[in-house]
Amino acid sequence: MQQLTQQITVQTDGRRLYDITSEVKAWANNSGLATGLITLYIQHTSASLLINENYDQDVLVDMEAFFNRLVPDGDPLFIHTIEGPDDMPAHIRSALTQTHLSIPLLNGKLALGQWQGIFLYEHRHLQSQRKILLHLIGQ
């Protein structure tokens with residue numbers, strides 16, 4: 001059994017979903033391992049990770065429209081506003097999504113479905129540098 005780790009950094013330019021599938025796939029596929037499990041973990045409280053459709057860009061637009069309706073910026077309900085009107089909504093969006101993902105590695109490749117992609121979901125409007133830890137265990 002082997003364990004490998006990697007950190008990737010994603011420069012975001014505001015709130016949206018960023019496709020990181022190719023970078024994660026390339027690292028996992030070049031690991032030299034045939035079977036295992038990769039875990040992705042984002043080290044932030046105002047961004048998250050998702051697996052979702054990566055074929056039709058309208059899915060990403062609709063996801064953002066839904067979250068804008070569900071958790072609007074500047075909602076008077078929120079008292080944590082010191083970092084701006086998008087900060088508390090960003091924390092709630094992160095709590096409703098995921099900070100980590102686990103994906104099997106089979107035959108040396110990530111076992112994603114045909115239309116599945118891996119996304120960093122930036123919840124703030126500001127530019128940020130987001131760090132994602134990758135951990136692969138297998139043989």
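Descriptive notes on the structure:
- Cα pair distances of region 2-138 binned at 10 Å [whole percent]: 12, 41, 31, 13, 3, 0
- Whole-Hz couplings from phi, Karplus 6.51/-1.76/1.60, listed for region 100-115; x for Gly and Pro: 8, 9, 10, 9, x, 10, 10, 6, x, 9, 4, 8, 7, x, 3, 10
- Low-density loop cleavage sites - chymotrypsin sites (Phe, Trp or Tyr not before Pro) in region 67-132, where at most 12 other Cβ are within 10 Å (DSSP): Trp115
- For a label point 7 Å along the Cα-to-beta-carbon line of His80, residues of region 120-139 with backbone N under 17 Å: 122-126
- Sites Gln139 and Ile8 - FRET efficiency at Förster radius 25 Å, r taken between beta-carbons, to 0.05: 0.60
- The rule of thumb for compact globular proteins, 2.2 N^0.38 Å, goes into the C-alpha radius of gyration of region 84-129 1.55 times.
- In the chain, helices alone account for a calculated mean residue ellipticity at 222 nm of -7000 deg cm²/dmol, with every DSSP H run of four or more residues adding -39,500 (n - 2.57).
- Compared with the alpha-carbon gap, the fully stretched path from Glu53 to Arg16 is longer by 11.9 nm at 0.36 nm per residue.
The numbers here are math on the coordinates, done by the rules we state, and not lab data. Since this is a predicted model, take the numbers as computed values, not measurements. Glycine also receives a Cβ, built like all others from the backbone with ideal geometry; neighbour counts cover every protein chain displayed.
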